[in-house]
1. Identify, please: which residue in the stretch A:519-533 is in a loop (DSSP other than H, G, I, E, B) and under 29 Å from B:ARG15 (Cα atoms) and is, among those, nearest to the other protein chains (Cβ to nearest Cβ)?
2. Can you go through A:PHE636, A:PHE591 and tell me which one is more than 21 Å from A:TRP679 (Cα to Cα), in contact (Cβ under 8 Å) with a residue 40 or more places away in the chain and open to solvent by less than 50 Å² (accessible area, probe 1.4 Å)?
3. Looking at the stretch B:71-85, which of its residues are open to solvent by less than 10 Å² (accessible area, probe 1.4 Å) and either more than 15 Å from ligand 1 (Cβ to nearest atom) or of a type in the set (Ser, Thr, Tyr) (or both)?
4. Starting from residues that are within 13 Å of another protein chain (Cβ to nearest Cβ) and within 16 Å of ligand 1 (Cβ to nearest atom), keep the ones in the stretch B:181-199 and report whichever is least open to solvent (accessible area, probe 1.4 Å).
5. Only one of A:LEU443, A:LEU412, A:LEU454 is within 33 Å of the chain's Cα centre (by Cα) and either modelled with pLDDT under 95 or surrounded by fewer than 21 Cβ atoms within 10 Å (Cβ to Cβ) (or both); which?
6. Going by the structure shown, is B:MET82 over 25 Å from B:HIS130 (Cβ atoms), of a type in the set (A, V, I, L, M, F, W, C) and within 11 Å of chain A (Cβ to nearest Cβ)?
7. Scan the stretch B:139-161 residue by residue and report those that are more than 9 Å from every other protein chain (Cβ to nearest Cβ) and outside any loop (DSSP other than H, G, I, E, B).
Amino acid sequence: MQNESSECGEMEESLNHQNGSQMGGPQNNANNKQGEKNNPKPQYSIPGILHFIQHEWARFELERSQWEVDKAELQARIAFLQGERKGQENLKNDLVRRIKMLEYALKQERAKFHKLKYGVDLQQGDIKPPVLDDPALNVDSQLDSEAPYTSVSNASWRQGRQLLRQYLQEIGYTDRIIDVRSTRVRALLGLNNNAEQEENLNGGSVNCNESNKRASDTQDTNTGRRTPAKKPQPSVLAESMMLDTEAAVMANLDFLSNPDVDMEDEDDMSDEVDLETQDEIDDDVKSVKRKDDVDAEAMEVLNELNLLSESEDQRQDINKSESGDWNKPFQPTGQPGRRTTMGMNDDENIDAPLGLGLGELAQLTVNNEAESTYDMASSKESFRKAWNAKYTLRSHFDGVRSLAFHPTEPVLITASEDHTLKLWNLQKTVPAKKSASLDVEPLYTFRSHQGPVLCLAMSASGEQCFSGGLDGYIHCWNTPSCNIDPYDLFEPEVLEKKLEGHTDAVWGLAMHHNQTRELLLSCSADGTVRLWQPKTDVRMHDAETGKMLYSNECLNWYQSKADGIPSSVDFCRDDPTKMVAAFSSANCVIFDIETNKPVVVLEGESSAAPRLINRVVCHPTIPLTVTAHEDRHIRFWDNNTGKMVHSMVAHLDAVTSLAVDPNGLYLLSGSHDCSIRLWHMDNKTCVQEITAHRKKFDESILDVAFHPSRPYIASAGADGLAKVFV
Amino acid sequence: MSKMKMADGSTILRRNRPGTKVKDFCRWPDEAFEEMDSTLAVQQYIQQLIRKDPANIDLILKMPDAQDEGVWKYEHLRQFCMELNGLAVRLQGECQPETCNQMTATEQWIFLCAAHKTPKECPAIDYTRHTLDGAACLLNSNKYFPSRVSIKESSVAKLGSVCRRVYRIFSHAYYHHRTIFDEFENETYLCRRFTHFVTKYNLMSKDNLIVPILEDENVPGESEA
Ligand SMILES: [Zn+2]
Ligand SMILES: [Zn+2]
């Protein structure tokens, strides 16, 4: 208004000026005349005055109409701004409502998880569906073009929207401006304004829905979140093109979360929860069954939740033919899923002894997002695959300590605390009903260790494998055919021999194969690392001359008295004349294999105890060592300088296991926080997180592995299961 | 929740970290059953009792209050099958297909191996392996035992036949490889515990319990139910 008024002032000024000049004519003349003739009487002629007045009137009239126009314009502007404010308010309310719904769903999830885990209901005073102060919720679903939004809209909101649209038209805002605005709002929400992407988003949501259906089919206590709501909206896509600001936002929100699409479902759920408690009081058997159902689905639920986050990546799969800038929109859309996963971890975290706060958790999540955005933008080849649990390997009676893939076949071996190793062929599956994952039955059970088997390594040919046990022995096995009949006759030849030398538990094994020989490293709680040549000569083995020829396989041994007991060992893959061993001092020592002298020490700061190293692995091509620590860190070291090049908090609990993919691009880590994580090797960003195993005592995931030549990854857990992801 | 309390400093982490010596393996303070919040609490509890004193069979078999009996029996049977691996390993050295070409105990019965489509006269060592492998598959079957927190009645009913089959491993060892049996039994008390177990929960008829292990003591009564 100030502008306007000053403008008015200016106008007035110029008017006066005009007046002055116009009136000045006769006046000056008069003055002149006065001066000349000393005549004090001014001279006015009637026509002159009339003319002047008419002139003035016309001008004022013109001015007045101009002001009128201005006023109308300003009023329209005010109305527009008011309408916009109203729209924003409705939007805000809606978002708040959604947040409440998500919170509620999360609480439900937690309660369920808690119940599942502790067998009692969680005391959560405020666990009730958020009340909707929204009388018009069920108004419509008449088929106007906005039908898809009706579930999230309400009368007043639509009114505001209509109003706004009207104003926009009145004011003549161009579509372009609207577009710009909606882009801004989307940017605010972290979404992008692009119809194709919209399509992809919806593709993703459809995926989610399918999996949701599975879950609900199996009569899991459904939360609204996973309800296969009657949504995805092709019309949304169409409509989103003609977007106005809110429409665009809403469409995305609609995808983001459908928790409140069906309020009845929410109700159902709380009913069921009630039922459960009653059951437990009334009828034991029944409640048992119920619990059973819940438990049976527990992993599935977890998987579902993972799936939500993974759908992010699936979408990217769909999208990968798109142009390069598809990176951004997915980060936030995947976010709810990821958040949810983290939420589950949060529960884990509560009982994780380290007791991290939620704050740190949130930070982790945020980091992930930021990093993956960066990572997407930075590398073109970063098309990433979402790994999904496909095979569940159940047959061990106790925790699975280690696993190793066959170099070429879809075959793996697991080693367990139940004293056995088992051979699995992923192509021989047992179809499991009501679950996406396939069960695999083991083909062969290796029995020979007297006690838990702790570690495992496979030869480069896959023909042999080696296992280390708590009994201090390393057993050399001839891998049975991967098509063996599981109930074939016993062949004692499968166990080729035992390598004797260690005097305490063998905790780590590593194989290296070059043209001339196959070398095996082992580390033991007896404080030594030993180098073996288990197969001195292939021909000698074939000659059937007996086992005596191999009597002295131990080539060398290493120890570092100052550093204590080795916990893990690996060859320096870029220079296999060296090997690295992690010690209880938190130092890693690189030894020269031939001279058995320490070459480099990767010195962990001597500060505190909990830096214990659980696993050490070397990069396949460059002089880089990676260590997994009890203090939740993964650390990266330069083998030449011995300096730490990177350190990061990688998990919510101790990191137990590491694996590097054969090309050295990705790092896989497993942790007692029950999850495995996949990392980019170059920028150390987390690509994917999967909750994979349950806890036994305070242990969860004990080993992870990449298949050397096929797209499989695997995890081994203290819960006695191994899982393979594709 | 219990661990939240411990988070404030006196944290006990029950872990076998790499590098742990044999003597320290699983050597950690006992955890009360009520404190165990894992889905594997029953297994943890049973293993904890066994590790403490494998001879204290009554305590090991004493079911905690409010414990689901089906799960209790199931977890015990898993533990038996697991520990029987130890006996199988020892038998592998001595029980050859040439000497024991049939699964027998006393001369009364020849046991057919049920792991095959049509039951088969497997040599004793193969019977042992196949039976343990089959038990591992059944007890880990997602179909019958999808949960370790609760178990369907129909699945609990399957435990009896597993017991009957694996018991024959004890009886074969006892009657044909007595040295191995005694050595193993002195360390683990496994056959003794097994016999008490199946008797207590009425999983096998007494006629089938042919290893004379309970003669010198009172057989515990069958479960109160
Ligand atoms: Zn025999
Ligand atoms: Zn058989």
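1. A:ALA525
2. Only one candidate qualifies: A:PHE591.
3. B:VAL71, B:TRP72, B:TYR74, B:GLU75, B:HIS76, B:LEU77, B:ARG78, B:PHE80, B:CYS81, B:ASN85
4. B:PHE184
5. Exactly one residue qualifies, and that residue is A:LEU412.
6. Numbers: over 25 Å from B:HIS130 (Cβ atoms): no; of a type in the set (A, V, I, L, M, F, W, C): yes; within 11 Å of chain A (Cβ to nearest Cβ): yes.
It is false that B:MET82 is over 25 Å from B:HIS130 (Cβ atoms), of a type in the set (A, V, I, L, M, F, W, C) and within 11 Å of chain A (Cβ to nearest Cβ).
7. B:SER154, B:SER155, B:VAL156, B:LEU159, B:GLY160, B:SER161
Conditions tested, residue by residue: (1) modelled with pLDDT of 90 or more; (2) at negative phi; (3) hydrophobic (A, V, I, L, M, F, W, C).
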| residue | (1), (2), (3) |
| --- | --- |
| B:PHE25 | yes, yes, yes |
| B:THR39 | no, yes, no |
| B:VAL42 | yes, yes, yes |
| B:GLN47 | yes, yes, no |
| B:ASP53 | yes, yes, no |
| B:ASP58 | yes, yes, no |
| B:LEU61 | yes, yes, yes |
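The values are calculated or read from the model by the stated rules, or taken from the named source; none is laboratory data. Since we're looking at a predicted model, the values are computed, not measured. Ideal geometry is used to build each Cβ from the backbone, glycine not excepted, and the neighbour counts take in all protein chains shown. For accessibility, only protein heavy atoms count, side chains too; no ligands or nucleic acids. Shrake-Rupley method; radii C 1.70, N 1.55, O 1.52, S 1.80 Å.
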